[in-house]
Amino acid sequence: MRFTPATIALAALFATVSSVGVSQRPDAQIEPLSLEWQKKGEAAQQAGDLNGATDALETALAIDPRNRGAYLSLGKVARAQGLQGKAIRYYREALLLDPTDVQALAGQGQAMVEKGALAKARENLAQVKTLCKSDCPAATQLAAAIAKGVPPTVLTAKEVTPTPTVVPTERP
């Protein structure tokens with residue numbers, strides 16, 4: 001009789017703990033709606049609509065933040081837009097989900113090369129080579145990008161400051 005309240009509390013605790021495990025999805029299962037939005041974003045990227053691709057891929061991540069493929073696609077879109085810092089961040093998010101993702105490491109390394117961080121890109125290349133037991137295309141592409149070096153910067157007309165010409169005036 002005196003164990004009845006403790007037994008009820010313990011039974012309630014077990015019911016709560018077991019229901020939490022039943023309601024969660026496994027880590028490998030991604031929400032199907034998120035995958036649909038990811039496909040829409042990749043199609044927009046192929047069509048050249050980078051802003052539409054970004055919107056669709058961010059929607060995919062809002063639906064399911066564990067969608068590593070959406071992070072990879074966002075990294076590609078950001079690199080195409082010339083936003084290497086943003087691309088590096090997206091690839092880092094993908095690597096937080098799976099630290100052994102060769103595509104994320106290679107993409108991050110290429111974005112680092114484009115940004116000018118060759119030492120960090122070489123570190124990524126070393127990680128890619130250790131993950132790939134044999135030759136893989138991601139390692140060869142990253143090695144070629146590192147060998148090519150930092151792309152040259154192009155000056156536009158806005159970046160050139162004209163020097164003013166001073167015309168002497170007469171004093172009265």
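Would you mind computing the Rg to Rh ratio of region 72-142 from its alpha-carbon coordinates, Kirkwood style for Rh?
Dividing the radius of gyration by the Kirkwood radius yields 0.94.
Could you calculate the FRET efficiency of GLN141 with ALA62 from 1/(1 + (r/R0)^6), where r is the beta carbon distance between them and R0 is 25 Å, rounded to 0.05?
Computed FRET efficiency for GLN141 and ALA62: 0.25.
What is the P(r) of region 58-98, as percent of Cα-Cα pairs per 5 Å bin from 0?
Taking all Cα pairs of region 58-98, the binned fractions are 6, 31, 31, 22, 9, 1 percent.
Using only protein heavy atoms and a 1.4 Å probe, report how much of THR140 is accessible, in Å² to the nearest 10.
My reading of the accessible area for THR140 is about 80 Å².
The values are calculated or read from the model by the stated rules, or taken from the named source; none is laboratory data. Note that this is a predicted model, so its numbers are computed, not measured. All Cβ positions, glycine included, derive from the backbone under ideal geometry; neighbour counts span all protein chains shown. Heavy atoms of the whole protein, side chains included, go into the accessibility calculation; ligands, DNA and RNA do not. Shrake-Rupley method; radii C 1.70, N 1.55, O 1.52, S 1.80 Å.
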